[in-house]
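One structure is given below, encoded as structure tokens.
The values are calculated or read from the model by the stated rules, or taken from the named source; none is laboratory data. Treat the numbers as computed from the prediction; the structure is a model and nothing was measured. Please note: Cβ atoms are built from the backbone with ideal geometry, for glycine as well, and neighbour counts cover all protein chains shown. To get the accessible areas, we keep the full protein, side chains included, count just its heavy atoms, and leave off ligands, DNA and RNA. Shrake-Rupley method; radii C 1.70, N 1.55, O 1.52, S 1.80 Å.
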Amino acid sequence: MLIEDIYQRFDRIGCLTFATIDGDYPETRIAHLFAWDEEGLYFRTMTIKPFYKQLKETEKLSICGMSASPHVEIGKDGLPNFEPGYTIKATGAVKEISFEELKKKASTKPIFELGVKDTIKYPDTVTFCIYSFKGDYYNYDYDCTSRDHKIIREHFNFGNFPDRFKGLKINSKTCIKCGECELICQSINFKAVYQTKEGYAIDVDKCDVCGSCSKICPVNAIESYC
Ligand code: SF4
Ligand code: SF4
């Protein structure tokens, strides 16, 4: 996914949760991104805030948001109905951008002008860039109102962030090919578990990580990498 697409998907949500580490505990607040370029995604805070102190101390950040209405209806069956929507998250490394750098960016890319104006109005404002990160985009339509499967998941990596596989895998050495995992996988017209020449596998981009397959597997062949 291109950096502009990642930005647009965050920006469409607007109010995002920004998580930092404060000593031994995570801390969150609502903020938003205001710009992007080929070096990363940009947001602002003020040096007086704990947010600034935590960013400077750890140089780490996680951002996430959800596009759809947070309202969840309970259906006649007593189960929740979620409107179609998406979530997106990114975790990575941040650096402070000087006001001089920000002005330089604004001279060639108008999207940065808002940051310049805001810094002139509130001189304690500073800009940060998340320049190396991993993340994923999770688009859901649980009732398959517009397509034949519930989940579209896209992983992304920007700025060579060190990353590794996350999700479920079937251990082919342990699997006895009983097929129970495929039967229980509850995507409406599409199963994230599929058959291969060797046995069974999981499409991580379609998997909802509901855990039903690993719960039913008689030999614990489904392994979670988190
Ligand atoms: S975790 Fe759920 S969605 Fe994913 S493969 Fe297993 S049963 Fe299917
Ligand atoms: S339920 Fe377990 S043993 Fe059966 S096919 Fe799936 S992974 Fe293999």
In this model, which of Lys166/Lys215; Lys103/Lys166; Lys56/Lys105; Lys95/Lys166 are farther than 28 Å apart at the alpha-carbon? Lys103/Lys166
Can you give the accessible area per residue of segment 168-225, in Å², using a 1.4 Å probe? 63 Å²
How much accessible area per residue does segment 3-162 have, counting only protein heavy atoms and a probe of 1.4 Å, in square angstrom? 55 Å²
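Taking Cα pairs under 8 Å and at least six residues apart, what relative contact order does segment 3-162 come out at, in percent?
RCO, segment 3-162: 22 percent.
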Could you tell me the center-to-center distance, by alpha carbons, between segment 164-226 and segment 42-82 in angstrom? 30 Å
Filtering trypsin sites (Lys or Arg not before Pro) in segment 124-187 by DSSP loop and by at most 14 other Cβ atoms within 10 Å leaves Arg147, Arg164, Lys166, Lys173, Lys177
Counted charge near Arg147, where neighbours are those whose Cβ lies closer than 13 Å (Asp, Glu -1; Lys, Arg +1): -1
Under Karplus coefficients 6.51, -1.76 and 1.60, residue-wise ³J(HN,Hα) of segment 99-114 in Hz, glycine/proline x: 5, 4, 4, 4, 5, 5, 5, 5, 6, 10, 9, x, 4, 7, 4, 4
Tilt relative to the chain, helix 3-13 - C-alpha long axis, 0 to 90 degrees, to 10: 90 degrees
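Report the longest stretch of the chain that contains none of the GluC sites (Glu not before Pro) sitting in a DSSP loop with at most 10 other Cβ atoms within 10 Å.
Of all site-free stretches, the longest is 39-197.
Where the accessible area of segment 3-162 is counted over protein heavy atoms with a 1.4 Å probe, how much of it, in %, is carbon and sulfur? Walk me through the numbers on the way to the answer.
Values: 4780 of 8800 Å².
Within segment 3-162, the accessible surface is 54 percent carbon and sulfur.
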How are the C-alpha pair distances of segment 168-225 spread across 10 Å bins, as whole percents from the shortest bin up? 25, 64, 11
Take the Cα coordinates of the chain, assign each an equal point scatterer, and use the Debye formula without solvent to give log10 I(q)/I(0) at q = 0.14, 0.17, 0.18 Å⁻¹. -0.96, -1.20, -1.27
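Given the -39500 (n - 2.57) contribution per DSSP H run of 4+ residues, what per-residue ellipticity at 222 nm results for the chain, rounded to the nearest 500 deg cm²/dmol?
So the calculated ellipticity at 222 nm is -6000 deg cm²/dmol.
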Quick check on packing: order 86-94, 43-51 by the mean number of other C-beta atoms within 10 Å, highest mean leading. 86-94, 43-51
Non-local residues with an amide H under 5 Å from the amide H of Tyr86, with H modelled 1.01 Å from N and Pro and chain starts lacking one, are Ser67, Ala68, Tyr140
For segment 161-226, what's the relative contact order in percent, using C-alpha pairs closer than 8 Å and at least 6 residues apart? 47 percent
